[in-house]
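Computed from the coordinates by the stated procedures, all read-outs in this text should not be read as laboratory data. Keep in mind the model is a prediction, meaning the values are calculated, not measured. Cβ sites come from the backbone with ideal geometry, for glycine too, and all protein chains shown count toward neighbours.
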Amino acid sequence: MKVSVNWLRELLDGLAATDSEIAARLTAAGLEVEGETRLGAGLSGVIVAEVRETRRHPKADKLTLVDVFDGHEVTQVVCGAPNVPAPGGKVVWARPGATLPNGITLAPKEVRGVLSPGMLCAEDELGLGASHEGILILDSDAAPGADAAALLGLPDTILELNVTPNRPDCLGHLGVARELTALFPGARLRPLSADLEPWLSEGPVTELATVTLEDAEGCPRYTARVLLGVKVGQSPLPVRLRLQSLGVRAINDVVDATNLGLLETGHPLHAFDLDRLAGHAIVVRRARPGEPITTLDGQERALTGDDLAICDAERPVAIAGVMGGRHSEVGPATTRILLESAHFAGPRIRRTARRLGLHSEASQRFERGTDPNDGVTLSSLRCARRIALSTGARIARGAIDRYPHPIDPRAIVLRPDRTERLLGTPVSPSEQARILTSLGLTCEGDEGPLRCLVPTFRPDLTREIDLIEEVARVHGYDRVPATLPRATGVGGAPDPAAEAADSARDALWALGLAETLSFAFIAPERIAALGFTDGRSDPLLLQNPLREEQSALRTSLLPGLLAALQHNLSRGVADVALFEIGTTFRRRPRAPQAVSGASCSEGGFAAEDARTCEGKGEPLPDERQMVAGVLSGRRGGWLKPGAELDFSDVKGVVEGLLDRCRIPGTTFRAATSDEAPFFHPGLRAALTVESNGDTALGVLGELHPALRERLGIALPAFAFELDLAPFSTAAPTVMGPLARFPGSSRDSSFFVDAAIPAAAIQAAIVRASLLVESVHIREDYREPGRVPPGKKGLLWSIHYRAPDRTLTDDEVNADHARVMDALKAEFQVDTR
Amino acid sequence: MPQAPEPEKLDVVALVDTAERELAAAATEQALREVHARYGGREGAIKRAVQAAINAAPKDRKREVGQVGNAALQRIEGAFEARLRSLGDEARTRDLARTVDVTLPGRSHRPGHLHPITHARRAIERIFAQLGFTLATGPQVETDFHNFEALAMPPDHPARDMQDTFYLANSDLLLRTHTSPVQIRTMLAQRPPVRVICPGTVYRRDDDPTHSPMFHQVEGLLVDEQVTFADLKGVLLHFARAFFGPATTVRLRPSFFPFTEPSAEFDLSCVFCAGAGCRTCKNTGWIEVGGAGMVDPEVFRHVDYDSERYTGFAFGFGIDRMAMLKYRISDIRLLYEGDHRLLEQFP
Ligand SMILES: [Zn+2]
């Protein structure tokens, strides 16, 4: 909210502080000043001048020679503005010696051959705003020779306050001024005049209008005053300028008065044209479903039964607390006004404003909570007075006041020692009482607890802790020391899943991949492109995505990684090795209503509190931490030109990851189309881990050429995605025996049917041998000419060792022969 | 009458000359050893020639011929040793003459790169671990209860406007707007003392150069007897200095969060201008990084903690923002593009 420091000063006595000090203290007390605009700073020597006569400049069509009168004499000034008023009009004259906010001191200056002693000023030249459409025209009652800066309320500082939602009282100057009385001891609020006597008319208000309050829950209090003989006109220039500097458009003096009232007390007001209200009646009730109203902005809107409507005898004339209706709008023809000042229930106003997307100055304040007592009455009195002052209206006696259940100030007990214990610093009880009193509370009690009465303009203060906060922030957070908490007990349990994720991160880092992060919401078609055949094809959708391409919760990390791959390729980065560790989301089946509470706690994270699920039947999704990677381009290095990556690279990465994370019992096998439809059919593997039967851990492979083509990825790309859950149950590391006796190696080379997996042969070697320590494959070659058709050549290196003795050559040869016999028998290997 | 040289003696001398020439000419140790094996030693040509000469010599001269032969063998051994030494010296000289252009890149066996957010998160976790905070995590799709209601934000509470929320279609579930639900889950699951930090991914319906709809946050929670606002200040100050350097200062400004009271905005002295004022800090010398405060008794009520016995503080800030400040990253969107050129700048 914007506040004028001049206005604050008008509301206060005894405030001896500069504008900057005021801004700094407000920020330090929680009313953050986000911007400071100085209006008319440095302005001096500008006066009101009356236009006496105007002539065209002899040498320039667009210049005017203006005779201006300063109360003593008439002087000719050259003016370039198109809007010089007729004789009698009042303008602002910066005479030689005057200083403008832009730093210029005026001197007599020749303009196209005519000497001009100073200039007539536009708004921007006065530091009032950006407007340079013409010179500023003053009200006709301005006295020639008077100080124009004072007349225009300059200089002033406009503070842009970030008012937190708990402080509706600070959405008006009065509340901010009250805050200053707490922050600057010595400053006191001036009493605001609410005397209507000079303008009161004969008849009582009850003869002119009626108010029926049907919905006291939505509207705890409704008051109305009536003003008669209104002549709607323009507000005086200083009022218009003040509204403008506070970001409010001046409309007419009646509407401007309600806006000034809102800016002063923070309490919204609304003026109806009484003669446009059917039956001169106000009925406050729930709207009927579908009931239409055309609001001030010209939009026709349909109301619902939850909306609170201000109606006349026939139809809604305003959406309570949100926006008035066009039909009863105050306009030039208005002569009688019904002035509404009411207290509406915040949540109702909030729901209506949200539903209609109509967030007005009024709704913003009612939502946060207005003052049902002084706020309602004082702002009504002040506004009626203002309208009477500026329009010459008379005010009907009394007000209609519907307030069936008055809301009393709240009593709260504050234990001053509790404040000190919570803050960790001493604040004397008398200082605590002083702070609360200056904020408008009444406090009783010397020793021990303070009995405090909270005025109704502070709906945010309902508990002792709220008062402690008031004391703390006014006392000053900067006066609280910095200490370290004493250590007791253990703060929480270790998180194996987080640790496993970090181990995986380190492993992939060591394997040369770069970590990336992508959004958890992606385009549904990016998921569809992978052709999943399980639940992953049906992602959870957002109700209110920012855009369509961020509307589905990812069921796999691969779409995001492929997007990152595309991003890099499009920027000329051809060698890509990325990994991501992140959460994927899968639907859980909706549980039957009867057991919905239980379903919430099943698997993953538990929704411990039954309140969260009952009656909704919506289980939390299955959130899975996954690790995935994508590789494309060439192997690193410059000494030998990098070879293109192949399947073994991605498999090597996955093996490295498994080694680092010590997951035992993993098995690779060729993957099926259902498991990895997005991979090349001959170049894909599934990884399983033994735990209560085989569990799928993930897949790896070369990207399917068709998918690659669709994504515009030219070179082969390889990817993997694994479930991280098994990583957090990694096998403990235990030292094994170190061999004490030398072993012996035998190499074995043979042809075998190309379809037999290496793992099967390795397993057969281990089975057949009594002495084998390790088996390594050294070569797999298939070039035609080197091998018979349908065969492949394999070279194995087998190491034999005994734990308790040095093996003899004869022993090793015998065992190796056993191995070869077994391979011949099982796989018909050909050792020629 | 001059004595004619014995033919056998001539043979040996010529052989020795040849052997000496060949030994001196051997260019490698291997060649040298081959020459040596050919002429010297028990099986060599010289030994054989000497033996043949002895055999052929008259009895009275056998001794003399033998002596000549031994002298020849000794000469060969000497020549061999000398050449071996000189070859070794040459090899050492050659070895020491090798040079390399140390400015060429090394052979690539390099590790990859961790994301700047990972670097920042780990640094944050380490600092708080030293203060005894353990890690807590929770789901990203949350219930209204954990994300709002238990944090003293009932439906229609104005504070809900402060965090624009993504909702799941056809459901009451939402993407968590902060990691505070993890605090709630932690407090529902254990009794005080609680001392946890909750790093994680959060979502807000915001999208501009300084806000990303997905970002990372870390929140801390400490609940115990006698926890004070001064302790909160001390912990944040310790963190800021450990993370950004010992000259960093912290400012707490009163603010409003429904789940803490008193509440504070948490500002750091500007890391770019050290408080002097610059564009990043809008000339204030301070950078707003997070929120903090004492846990509101209303939150304790929801998790059934006795707010008369226990007090606590909570704080939260963006990991992305910390990473951007620490590593001078200009645009938050760069963090989520997977651009190798950015990632490669981080170890
Ligand atoms: Zn700065």
**Report entry** Shielding by partners, peptide A:546-557 (average Cβ within 10 angstrom, other chains)
**Finding:** 2
Report summary line: Long-range amide H partners of B:Glu261, meaning residues 5 or more apart or on another chain whose placed amide H is closer than 5 Å, are B:Met294, B:Val295, B:Asp296
Report summary line: Output field shielding_mean for B:130-138 (other chain Cβ, 10 Å radius) holds 5
**Report entry** Value of relative contact order over segment A:1-130, rounded to a whole percent, pairs C-alpha under 8 Å and six or more apart
**Finding:** 22 percent
Report task. Calculate how steeply helix A:758-768 sits against the longest principal axis of the alpha-carbon atoms of chain A, using the helix alpha-carbon long axis, and give the answer as 0 to 90 degrees to the nearest 10. Result -> 50 degrees
Query - Other protein chain Cβ atoms within 10 Å, averaged over every residue that makes up A:498-510 - result: 3
Report summary line: Between A:Asp124 and A:Glu160, Cβ-based FRET efficiency (R0 22 Å, step 0.05) works out to 0.65
Query raised in the report: Taking the Cα centre of each part, how many Å lie between segment B:266-282 and segment A:686-716?
Result: 48 Å
Query raised in the report: If the label point is 7 Å along Cα→Cβ of B:Arg328, which residues in segment B:268-293 have backbone nitrogen under 14 Å from it?
Result: B:271-274, B:279-280
Report task. Among B:Glu308, B:Glu219, rank each residue by its count of other Cβ atoms within 10 Å, from fewest to most, as a rough exposure measure. Result -> B:Glu308, B:Glu219
Query raised in the report: Percent relative contact order of chain B, based on C-alpha pairs within less than 8 angstrom and at least six residues apart?
Result: 14 percent
Report task. Rounded to the nearest 500, what is the 222 nm mean residue ellipticity of chain A from helices alone, with -39500 (n - 2.57) per DSSP H run of 4+ residues and division by all residues? Result -> -7500 deg cm²/dmol
Report task. Give, as ranges by residue number, the residues of segment A:343-378 whose backbone N falls under 19 Å from the point 7 Å along Cα→Cβ of A:Glu10. Result -> A:378
Requested in this report: Please sort A:190-198, A:357-365, B:324-332 by packing, taking for each peptide the average over its residues of neighbouring beta carbons within 10 angstrom, highest first.
Outcome: A:357-365, B:324-332, A:190-198
**Report entry** Ranked by how many other beta carbons lie within 10 Å on average, peptides A:383-390, B:243-250 from highest
**Finding:** A:383-390, B:243-250
Report task. Please arrange A:Tyr222, A:Tyr403 by counting, for each residue, the other beta carbons lying within 10 Å of its beta carbon, fewest first. Result -> A:Tyr403, A:Tyr222
**Report entry** Cα-projected label distance for A:Ser193 with A:Tyr781, points at 7 Å along beta-carbon direction, nm
**Finding:** 11.0 nm
Query raised in the report: According to the Kirkwood expression over distinct Cα-Cα pairs, how big is the hydrodynamic radius of segment B:116-343, in Å?
Result: 18.1 Å
Report summary line: At R0 = 51 Å the Cβ-Cβ FRET efficiency linking A:Asn813 and B:Thr103, nearest 0.05, sits at 0.40
Query raised in the report: B:Gln345 label point, 7 Å along Cα→Cβ, cut-off 18 Å on backbone N: hits in segment B:233-275?
Result: B:271-273
Query - Under 29 Å from B:Lys233, Cα to Cα: lysines that are on another chain or at least 8 residues apart - result: B:Lys282, B:Lys326
Report task. Round to the nearest 10 and give me the degree value, 0 to 90, for the angle of helix A:173-183's Cα axis relative to the longest principal axis of chain A. Result -> 70 degrees
Report task. Apply the Karplus parameterisation 6.51 cos²θ - 1.76 cosθ + 1.60, with θ equal to phi minus 60°, to every residue of segment B:196-209 and state each ³J(HN,Hα) to the nearest whole Hz, in sequence, with x for glycine and proline. Result -> 10, 10, 10, x, x, 7, 9, 9, 9, 7, 9, 8, 7, x
**Report entry** Peptides A:234-244, A:299-309 ordered by average Cβ neighbours within 10 Å, highest first
**Finding:** A:234-244, A:299-309
Report summary line: Full extension between A:Ser691 and A:Ala758 adds, at 0.36 nm per residue less the Cα distance, a length in nm of 21.7 nm
Report task. When a/c is below 1.5 the answer is rounded, else prolate if a/b is larger than b/c, else oblate, so apply that to segment A:454-548 with a ≥ b ≥ c taken from the square roots of the Cα gyration tensor eigenvalues. Result -> oblate
Query - Estimated distance in nm for a label pair at B:Thr280 and A:Thr304, the labels positioned 7 Å out from Cα along Cα-to-Cβ - result: 4.6 nm
Report summary line: With only helices counted (DSSP H, runs n ≥ 4, each -39500 (n - 2.57)), the per-residue ellipticity at 222 nm for chain B, to the nearest 500, works out to -13000 deg cm²/dmol
Query - Two-site label geometry, A:Asp747 and A:Thr462: point separation in nm, points 7 Å out along Cα→Cβ - result: 8.3 nm
Report summary line: For the A:Ala143, A:Ala313 Cβ pair and Förster radius 56 Å, calculated FRET efficiency rounded to 0.05 is 0.70
Query raised in the report: Counting other C-beta atoms within 10 Å, which of B:Glu142, B:Glu90, A:Glu783 has the fewest, and how do the rest follow?
Result: A:Glu783, B:Glu90, B:Glu142
**Report entry** Theoretical gain in end-to-end length, A:Ala643 to A:Met735 [0.36 nm per residue, Cα-Cα removed]
**Finding:** 29.3 nm
Query raised in the report: Using the alpha-carbon centroid of each, what span in Å lies between segment A:472-505 and segment A:1-71?
Result: 50 Å
